[in-house]
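Have a look at the structure below, then the notes.
The values are calculated or read from the model by the stated rules, or taken from the named source; none is laboratory data. Computed from a predicted model, the values in this text were never measured in an experiment. Counting neighbours? That spans all protein chains shown, and the Cβs are built from the backbone with ideal geometry, glycine included.
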Amino acid sequence: MEEYENIIDLKEFNNKRVLIKEIFEEPLVDVELAGWLYDSRDLGKIKFLILKDISGQVQVTGVKGKVSDDVLKIMDKISRESVIYVKGKVINSKQAPGGKEVIPEQIEILANAEELPIDVTDFSKTELPKRLDYRFLDLHRKKIQAIFKIQSTIMQAYREFMIKEGAIEAVFPSIISSSSEGGTDLFEVKYFNKKAFLSQSCQLYKQMVACSMEKVFTIFTVWRAEKHNTVRHLNEARQLDYEQAFADEFVVMDVLSRAVQYIVKKVLELNKKELEILEVKLKVPDVKYLTFAEVKKIMEKEGVHCEEDDLGTDAEKKLGELFPDTIVFVHDWPLSGKPFYIMPKGNGLSRGFDAIYQGMEISSGGQRIHIPELLEERLKANNLDPKNFKSYIDSFRYGAPPHAGWGIGLERLTMLILGIKNIREVIMFPRDRDRLTP
Ligand code: AMO
């Protein structure tokens, strides 16, 4: 094709466009709409189209004799999910869903949809892997759109909350020269003639910034080369990160609880319709503080396995059952179970914590080490070479205050707010052990 001319004048259309939800909210008569064909029915003398856009759906009704033959002819040949433009009049109708329908004067097919590879109706039974193969089409569905509208609110509310707290938003590099979380789960990249890695966390950078700008936050993409394929792990995930100077773990646990409560309140306020579509009953969470030792005792009583320096999935699940709709902070965590940058507290304990919500870890954090000599010691204790962390260690030599922070998994938070079982449902384009496209 050498030339393409737009079927309608898009600039003009954007000036006049009516969103479908406005039809039900305002007394409109002449409307110009565009969207996707959800469904159609042909009763011979009368033809129905269900048109949907991002805001809702409406019935378009063509009655023989009342609507031009040209329009009726087009109504006959539109395939499901094709993109159409409709110009018409809104009338009240008792039979139509929502009590209103559109009588079309002009219909144009802007983009034809071929035979659909997956079911995108509200009653779709297509399995998740197949849906993810065609995620761009899966995103036509109301339910899927509801998930990501809510995730958008979560991110927006997080930003809003942090700005109110007086934090500044920062961006950090995604290519790093050495591990920030320790361990082996790094993706290697070639960086000219050097070896580099995709960032596991912005940990070291957010600390450096907190040591000058006091309160800093970001929404950061992390890469974890974890080999296990579970319903709660991704190889590429997002974290809501926060770091604050002059703070210990208790100061930032309080910030975390208020941040999550603010986010949930915003979702309740702004996403009523989406929560209804997803049939979610959401509550603003309570907050509970327990030491690691207290949790161990609880688990012993409950007969649930808990590791020496970690909770494990069974114990997390149990905490969710015992304390539903509650952010459970588990603090005074064994030092051996926390990364090298977490501040020791004596007696084998640390100033690190995990936050458990609805039976799953949503966040970990703690007070950090701001003393270079102690940091070197802890790196060595974790079998890491201080030479690889020179610039990070040096950043604490010139007036670095005590500081603390945390990172919340965005996808984890979304799945737990919505009671969704598989993390892949709440990320538009998941990267897991087997999936690199789309
Ligand atoms: P951590 O590694 O515990 O801590 O990660 C923080 C939170 O991020 C989420 N998360 C993940 N979500 C999905 N898939 C994964 N593979 C994955 N890994 C982590 C979880 C987890 O609780 N730098 C520290 C945070 C800090 O101390 O500030 C860190 O990254 O919800």
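So here's what we get for this one:
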| item | result |
| --- | --- |
| Sole residue being at pLDDT below 95 and either under 28 Å from residue 423 (Cα atoms) or touching a Ser or Thr at 6+ places or on another chain (Cβ under 9 Å) (or both), chosen from 314, 385 | 385 |
| Single unsatisfied condition, residue 182 versus (1) under 22 Å from the mean Cα position of the chain (by Cα); (2) at pLDDT below 95 | (1) |
| Test for residue 273: is it among the basic types (Lys, Arg), within 14 Å of the ligand (Cβ to nearest atom) and assigned by TED's automatic domain parsing to the domain that holds residue 167 | no |
| Residues being of a type outside the set (A, V, I, L, M), closer than 11 Å to residue 105 by Cα and outside any loop (DSSP other than H, G, I, E, B) - total across the range 64-84 | 2 |
| Qualifying residues in the range 349-370 (those that are assigned to a strand (DSSP E or B) and more than 21 Å from residue 215 (Cβ to Cβ)) - the one nearest to the ligand (Cβ to nearest atom) | 361 |
| Any hit, the range 331-341, residues being in a strand (DSSP E or B) and either surrounded by fewer than 19 Cβ atoms within 10 Å (Cβ to Cβ) or assigned by TED's automatic domain parsing to the domain that holds residue 250 (or both) | yes |
| Condition met for residue 390 (basic (Lys, Arg) and either within 16 Å of the ligand (Cβ to nearest atom) or crowded, with 18+ Cβ neighbours inside 10 Å (or both)) | no |
| Residue in the range 400-414 that is without any contact (Cβ under 8 Å) to a residue 60 or more places away in the chain, in a helix (DSSP H, G or I) and over 19 Å from residue 261 (Cβ atoms) present | no |
| Some residue of the range 36-46 being out of contact with any Gly (no Cβ under 8 Å at 6 or more places or on another chain), within 15 Å of residue 103 (Cα to Cα) and surrounded by 14 or more Cβ atoms within 10 Å (Cβ to Cβ) | yes |
| The range 276-289, residues that are in contact with a Lys or Arg (Cβ under 8 Å, 6 or more places away or on another chain) and in a helix (DSSP H, G or I) | 277 |
| Scope the range 203-232; condition of a type outside the set (A, V, I, L, M, F, W, C) and part of a strand (DSSP E or B); matching residues | 215, 218, 221 |
| Residues within the range 277-311 that are surrounded by 13 or more Cβ atoms within 10 Å (Cβ to Cβ), closer than 30 Å to residue 147 by Cβ and either basic (Lys, Arg) or under 24 Å from the mean Cα position of the chain (by Cα) (or both), tallied | 9 |
